[in-house]
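The values are calculated or read from the model by the stated rules, or taken from the named source; none is laboratory data. A quick note: this is a predicted structure, and the numbers were derived from the prediction, not measured. In this analysis, Cβ positions are derived from the backbone assuming ideal geometry, glycine residues included, and neighbour counts consider all displayed protein chains.
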Amino acid sequence: MWYTNACMFNEETPSSGLPLDTDPDRRDRDDDDSPREECGVFGVFAPGEDVARLTYFGLFSLQHRGQESAGIMVSDGERIKWYKEMGLVTQVFDERTLSQLHGHIAIGHTRYSTTGSSILRNAQPLHCAWGDGTIAVAHNGNLINTEELRAEMEAQGVPFGTTNDSEVIARMVATQQDKSLEDAVAHTMTRLRGAYSVALLTEDALIGIRDPYGVRPLCLGLLDNKHYVLASETCALETIGAVYIREVEPGEMIIIDKNGMRERQAVPREKHATCLFEFIYFARPDSSMYGRGLHDCRRRMGQELSREHPVPGAHMVMPIPDAATPAAIGFAEASGIPYGEGVVKNRYIQRTFIQPDQRMREAGVRMKLMPIKEALAGKRVVMVDDSIVRGTTTGQVVKRLFDAGAAEVHVRITAPPVQYPCFYGIDMANQDDLVAANHTVEQIREMIGATSLGYLSLGGVCKAIGIHKDKFCRACFDGKYPIEIPPHVRVSKFALEMPVNAK
């Protein structure tokens, strides 16, 4: 859907033909056992360059972080134009749309919803009026004081047109009309609680901010030794030929305009608490964080897993592709058990908005992973995966390996048991859905039908990365939340869509 400056949040209506489904029980179902996160953020300030196309390639590199919607917003210094729709980056944009996005500043976003329904009005970037111009945000993370801030602004007559927390950030900046843009953003950061890595755009500036704990990643790069780029992961920088400079520090603001780039510690840094799941699963293996290459970190996780939970006499170590492949390689290296492929992943399956029945969901798992019978027949197999959250898909995969002829299936997981909900941008906020919160390891083994089950310890994960656990948010594993969670915070990502009498 095309937009120009004249159209604001509260005027947007979906054009994709998707229903405005308001039943939380029917939205965003996915039987994949892995945790679901979050969003990909990209920004570039590059006069003379095709910034829309650069942003497209950046978002394509970040597609793994969100597959529900995609959007790009571009400024030419006077006007802002943007396009966003539901679907994958390659489904949303084509030559026609990109050719009409002219300018020298751009931000882009690819979304997995953690607050608010997966509908077009919640797609990002989101924007609102800022003085005589516009301010827009592309946000990765989740605020825990969204309802409080939104209620405060609504009481002041501020209109809202979406049901996600990202609009709260934009609106709060926009209410600070008596301040400069930088001061308005800095003041807003003092009010926000939770996880946020954000690219902000106005007609003449690009700003990047990161929460005081650095829960969600954001990095800074340089293109052609003169243009600055912001991205959720380093893989997006490399895709467009930009050189990695450094990570945006917790609580820091990066301002990029015609005068160049400058830094400001907008709010005091609390501590480094980057999400540990970024290292285990979320980020692409060709990205780096904390100065560590994630492929090597995951390979060492596999080595530690082999030491903690050996499988004597096994014939083959196989990954559940693709995230667990480096760990399976490491497990094979440390154990001496041959590495092999036991399943083939269909990489052409795309996320669907069709809500299937249980039979169709099971068929979806069968289409996604196909066992290789010749490789499995009669074999004692070590199946390496990155996580078990709900336990649904893992059990189906184990059964399919046995049906294909495997004699034994030993499941090894490169993450500790996920026992606590996440409030910072991962869609696993209901503790009742977390199988490890309510079952022992032996009970989970019986549920998934595995011959044996072993999880890598928290200490093993951190040893593999080479960084102390205090540098990470690992609350989903040990319940120690770096940002205090108020007791009234509800776990539903549809909290802003609930009737008042249901809150």
| task | Restricting attention to the stretch 171-219, report how many residues are of a type in the set (D, E, K, R) and in contact with a strand residue (DSSP E or B) (Cβ under 9 Å, 6 or more places away or on another chain). | result | 8
| message | What's the number of the only condition in (1) within 22 Å of HIS488 (Cα to Cα); (2) over 20 Å from the mean Cα position of the chain (by Cα) that GLN177 fails to meet? | response | (1)
| Qualifying positions in the stretch 444-459 - in a helix (DSSP H, G or I) and closer than 25 Å to ARG216 by Cα | LEU458, GLY459
| note | Of (1) out of contact with any Gly (no Cβ under 6 Å at 6 or more places or on another chain); (2) surrounded by fewer than 22 Cβ atoms within 10 Å (Cβ to Cβ); (3) at pLDDT below 95, HIS272 satisfies every one except (1)
| Looking at the stretch 345-366, which of the residues that are surrounded by 13 or more Cβ atoms within 10 Å (Cβ to Cβ) and outside any loop (DSSP other than H, G, I, E, B) is modelled with the highest pLDDT? | LYS345
| query | VAL158 versus (1) more than 30 Å from ALA283 (Cα to Cα); (2) in contact with an Asp or Glu (Cβ under 8 Å, 6 or more places away or on another chain); (3) in a loop (DSSP other than H, G, I, E, B): which is the lone unmet condition? | reply | (2)
| request: Could you check GLY141 against (1) assigned to a loop (DSSP other than H, G, I, E, B); (2) under 29 Å from LYS271 (Cβ atoms); (3) of a type outside the set (Lys, Arg); (4) touching a Phe, Trp or Tyr at 6+ places or on another chain (Cβ under 6 Å) and say which number it fails? | output: (1)
| remark: Selection from the stretch 216-267 of residues among the hydroxyl-bearing types (Ser, Thr, Tyr), under 21 Å from ILE135 (Cα atoms) and under 20 Å from the mean Cα position of the chain (by Cα) yields SER232
| request: Identify all residues within the stretch 190-244 that are within 23 Å of ARG474 (Cβ to Cβ) and of a type in the set (Val, Ile, Thr); write none if there are none. | output: VAL215, THR234
| request: Tell me, please, whether a residue that is assigned to a loop (DSSP other than H, G, I, E, B), at negative phi and in contact with a Pro (Cβ under 7 Å, 6 or more places away or on another chain) can be found in the stretch 234-243. | output: no
| Does the stretch 155-174 contain any residue that is charged (D, E, K, R) and free of Cβ contacts under 8 Å to residues at least 24 places away in the same chain? | no
| said: Can you confirm whether MET289 is within 25 Å of the chain's Cα centre (by Cα) and closer than 16 Å to ARG210 by Cβ? | reply: yes
| For ALA415, are the conditions met, namely being farther than 28 Å from ASN142 by Cα, assigned to a loop (DSSP other than H, G, I, E, B) and not aromatic (Phe, Trp, Tyr)? | no
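Taking the stretch 261-295 on its own, how many of its residues are among the charged types (D, E, K, R) and free of Cβ contacts under 8 Å to residues at least 12 places away in the same chain?
Total satisfying the criteria: 2.
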| task | Output yes when any residue across the stretch 436-443 is at pLDDT 95 or above, in a helix (DSSP H, G or I) and surrounded by 22 or more Cβ atoms within 10 Å (Cβ to Cβ), and no when none is. | result | yes
| note | When the stretch 200-215 is checked residue by residue, the ones that are under 17 Å from the mean Cα position of the chain (by Cα) and of a type in the set (Ser, Thr, Tyr) are TYR213
| task | Report, by residue number, each residue of the stretch 179-190 that is buried (at least 22 other Cβ atoms within 10 Å of the Cβ) and over 20 Å from GLN124 (Cβ atoms). | result | none
| request: Would you check if there is a residue in the stretch 374-393 being surrounded by fewer than 24 Cβ atoms within 10 Å (Cβ to Cβ), assigned to a helix (DSSP H, G or I) and either in contact (Cβ under 8 Å) with a residue 60 or more places away in the chain or in contact with a helix residue (DSSP H, G or I) (Cβ under 7 Å, 6 or more places away or on another chain) (or both)? | output: yes
| Taking the stretch 279-313 only, how many residues are touching a strand residue (DSSP E or B) at 6+ places or on another chain (Cβ under 8 Å), surrounded by fewer than 24 Cβ atoms within 10 Å (Cβ to Cβ) and more than 19 Å from LEU218 (Cα to Cα)? | 4
| If we only count helices (runs of 4 or more DSSP H) wholly inside the stretch 47-120, which ones have 3 or more residues that are out of contact with any strand residue (DSSP E or B) (no Cβ under 6 Å at 6 or more places or on another chain)? | 51-61, 95-99
| note | Within the stretch 191-211, residues surrounded by fewer than 24 Cβ atoms within 10 Å (Cβ to Cβ) and part of a loop (DSSP other than H, G, I, E, B) come out as LEU192, ARG193, THR202, GLU203, ASP204, ALA205
| Scanning for something among the small types (Gly, Ala, Ser), modelled with pLDDT under 95 and in the same structural domain as THR414 (by TED's automatic domain parsing), does the stretch 308-323 turn up at least one residue? | yes
| remark: When the stretch 248-272 is checked residue by residue, the ones that are of a type in the set (A, V, I, L, M) and either more than 12 Å from PRO217 (Cβ to Cβ) or in a strand (DSSP E or B) (or both) are MET253, ILE254, ILE255, ILE256, MET261, ALA266, VAL267
